[in-house]
1. Please state which of the following conditions Leu156 fails to meet, knowing it meets all the rest: (1) crowded, with 17+ Cβ neighbours inside 10 Å; (2) modelled with pLDDT of 95 or more; (3) over 14 Å from Tyr44 (Cα atoms).
2. Filter region 88-123 for residues that are touching a helix residue (DSSP H, G or I) at 6+ places or on another chain (Cβ under 9 Å), in a loop (DSSP other than H, G, I, E, B) and within 30 Å of Gln192 (Cβ to Cβ) and give the result.
3. Scan region 44-52 and give yes if some residue there is surrounded by fewer than 20 Cβ atoms within 10 Å (Cβ to Cβ), on the phi < 0 side of the Ramachandran plot and either touching a residue at least 40 places away in the same chain (Cβ under 8 Å) or out of contact with any strand residue (DSSP E or B) (no Cβ under 7 Å at 6 or more places or on another chain) (or both), otherwise no.
4. Given the residues His50, His88, which is the only one that is touching a His at 6+ places or on another chain (Cβ under 9 Å) and under 15 Å from Leu135 (Cα atoms)?
5. Kindly indicate whether Thr165 is in contact (Cβ under 8 Å) with a residue 12 or more places away in the chain and either out of contact with any Gly (no Cβ under 8 Å at 6 or more places or on another chain) or of a type in the set (Val, Ile, Thr) (or both).
6. Return yes or no: is Leu74 surrounded by 15 or more Cβ atoms within 10 Å (Cβ to Cβ), over 28 Å from Glu31 (Cβ atoms) and out of contact with any Lys or Arg (no Cβ under 8 Å at 6 or more places or on another chain)?
7. Scan region 181-195 and give yes if some residue there is modelled with pLDDT under 95 and either among the charged types (D, E, K, R) or in contact with a strand residue (DSSP E or B) (Cβ under 8 Å, 6 or more places away or on another chain) (or both), otherwise no.
8. Looking only at region 119-139, how many residues end up being surrounded by fewer than 19 Cβ atoms within 10 Å (Cβ to Cβ) and touching a residue at least 60 places away in the same chain (Cβ under 8 Å)?
Amino acid sequence: MTLKSTSFHKPILELISSAQSEFKSRMEQMENCGGLTAERYTRYLSMQYHLTKGVQRHFMICASHPDFSHKLALREFLFKFALEEELHFKIAEKDLENLGTKALPKPFDVELWWSYFDGIVYDKPLVRLGATCILENISSSSGALIQNLMKQASYLNAKNTKFITIHQHGPNLDHGNEILEALHGADLNTSQWNDVETGARNGTLMYLRMADWALQLPAFTKLKTAA
């Protein structure tokens with residue numbers, strides 16, 4: 001199944017498409033506003049380090065929810081997904097080390113992300129999984145832009161770009177479609193899909209705030225200040 005599949009829950013595809021457009025606009029502005037500077041890249045990796053450290057707990061908690069007791073394929077996916085994601089923060093940490101630096105303190109928007117989902121994941125796991133649909137798909141339409149930005153950054157090399165390379169999602173690691181397929185096959189009811197949609201909306205808002213912190217793009221910084 002792909003994001004264009006008409007058989008998938010349409011509102012989720014629309015939310016993913018909107019998030020992709022918002023993210024792509026940031027990549028386009030960065031391309032025209034100094035590119036992927038070392039400071040921006042350090043902030044991005046720091047944000048991802050704090051965002052992914054401990055992330056396996058959320059997916060294991062989701063898998064344990066009683067609503068999934070008869071959704072064994074979804075449970076199996078979530079457990080495998082948790083194990084695959086568990087040490088990604090170490091990859092970001094190593095990239096930072098190979099840049100000659102270390103993670104910056106946890107951004108406030110990352111603290112908000114963890115506070116929100118820690119408080120809701122036990123009772124409404126599908127809200128967390130809705131956010132996962134966004135995170136695992138948001139950069140999919142920006143692949144060429146990201147590759148171009150990386151090529152223009154002379155300080156980047158194979159030793160300090162492992163995190164971003166892995167999350168470009170090649171044919172052997174396509175978490176974006178995998179999470180959609182897992183939910184598609186779980187026979188969710190209307191209320192459960194509503195939770196997925198809530199998570200997708202809130203996840204988009206919070207992730208874009210984190211991206212704005214990392215990238216420090218004038219237009220988006222100004223919009224946030226004005227709001």
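1. (3) is the only condition that Leu156 fails.
2. Val121, Tyr122
3. Going residue by residue through region 44-52, those that are surrounded by fewer than 20 Cβ atoms within 10 Å (Cβ to Cβ) are none.
Checked against the condition, which is being surrounded by fewer than 20 Cβ atoms within 10 Å (Cβ to Cβ), on the phi < 0 side of the Ramachandran plot and either touching a residue at least 40 places away in the same chain (Cβ under 8 Å) or out of contact with any strand residue (DSSP E or B) (no Cβ under 7 Å at 6 or more places or on another chain) (or both), region 44-52 yields no hits at all.
4. Details: His50 fails: touching a His at 6+ places or on another chain (Cβ under 9 Å).
From the options His50, His88, the qualifying one is His88.
5. Details: in contact (Cβ under 8 Å) with a residue 12 or more places away in the chain: no; either out of contact with any Gly (no Cβ under 8 Å at 6 or more places or on another chain) or of a type in the set (Val, Ile, Thr) (or both): yes.
Spelling it out, it is not the case that Thr165 is in contact (Cβ under 8 Å) with a residue 12 or more places away in the chain and either out of contact with any Gly (no Cβ under 8 Å at 6 or more places or on another chain) or of a type in the set (Val, Ile, Thr) (or both).
6. Numbers: surrounded by 15 or more Cβ atoms within 10 Å (Cβ to Cβ): yes; over 28 Å from Glu31 (Cβ atoms): yes; out of contact with any Lys or Arg (no Cβ under 8 Å at 6 or more places or on another chain): yes.
Against the criterion (surrounded by 15 or more Cβ atoms within 10 Å (Cβ to Cβ), over 28 Å from Glu31 (Cβ atoms) and out of contact with any Lys or Arg (no Cβ under 8 Å at 6 or more places or on another chain)), Leu74 qualifies.
7. yes
8. Residues in region 119-139 being surrounded by fewer than 19 Cβ atoms within 10 Å (Cβ to Cβ) and touching a residue at least 60 places away in the same chain (Cβ under 8 Å): 1 in total.
The values are calculated or read from the model by the stated rules, or taken from the named source; none is laboratory data. As the structure is a computational prediction, the values presented were derived from the model and not from experiment. Every residue, glycine as well, gets a Cβ built from its backbone with ideal geometry; the counts of neighbours run over all protein chains shown.
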